[in-house]
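The values are calculated or read from the model by the stated rules, or taken from the named source; none is laboratory data. All values derive from a computational prediction rather than experimental measurement. Every residue, glycine as well, gets a Cβ built from its backbone with ideal geometry; the counts of neighbours run over all protein chains shown. Side chains are part of the model used for accessible areas, which takes the heavy atoms of the whole protein and leaves out ligands, DNA and RNA. Shrake-Rupley method; radii C 1.70, N 1.55, O 1.52, S 1.80 Å.
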Amino acid sequence: MSFQHLDIPTLAEWLDAGSPLTLVDIRDPASYAAGHIPGCRHLDNDSVTALLAEAPRETPLVVVCYHGHSSQQAAAWLAGQGFETVYSLDGGFTDWQHRLPERVEA
């Protein structure tokens, strides 16, 4: 199993269109609380069990981190857990916030 790269404009289009997605943010809790992409759930070692139990495997899964590096490892791991389509957000939350500051939720 593998993951794909996803760019910010495509994710924004998908969110605008209401496309079914599972969106997870793997940054530390304080960073997530300070700002995240609307509709994103925080994912860490404590919440991964719930994600694995609740998230439909056929729904595309997008992993967000700070700059798009750590999310690649997490995306590869999640693809190995049976998620059919997994993406790592290129540029991460930092680039999202820079490009789309009006689309950040705290």
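Accessible surface area normalised per residue over the chain is 52 Å², counting heavy atoms of protein chains with a 1.4 Å rolling probe. Here the relative contact order of segment 1-50, from alpha carbon pairs under 8 Å that lie six or more residues apart, stands at 31 percent.
How much length would be gained if the chain were fully extended between ALA106 and ASP28, taking 0.36 nm per residue of separation minus their Cα-Cα distance, in nm to one decimal? Before the final figure, lay out each step's value.
Numbers: separation 78, 0.36 × 78 = 28.08 nm, distance 1.39 nm.
That pair, ALA106 and ASP28, stretches by 26.7 nm at full extension.
Given a 1.4 Å probe and every protein chain left where it sits, what share in percent of the accessible area of the chain is carbon and sulfur? Mind showing how you got there, number by number?
Working: 2770 of 5460 Å².
So the carbon and sulfur contribution to the accessible surface is 51 percent.
If you average 1/r across every pair of different Cα atoms in the chain and take the reciprocal, what Kirkwood value do you get, in Å? Kirkwood radius, the chain: 13.5 Å.
Before anything else, pin down the relative contact order of the chain: Cα pairs under 8 Å, at least 6 apart, normalised by residue count, whole percent.
Values: 180 pairs, mean separation 40.1, N = 106.
Worked out over the chain, it gives 38 percent.
Protein-only accessible surface at a 1.4 angstrom probe places the residues ARG41, ARG99, ARG27 in the order ARG99, ARG41, ARG27, largest first. Once the Cβ-Cβ distance between SER47 and GLU13 is put in as r, and R0 is 41 Å, what FRET efficiency do you end up with, to the nearest 0.05? In this case the efficiency is close to 0.90.
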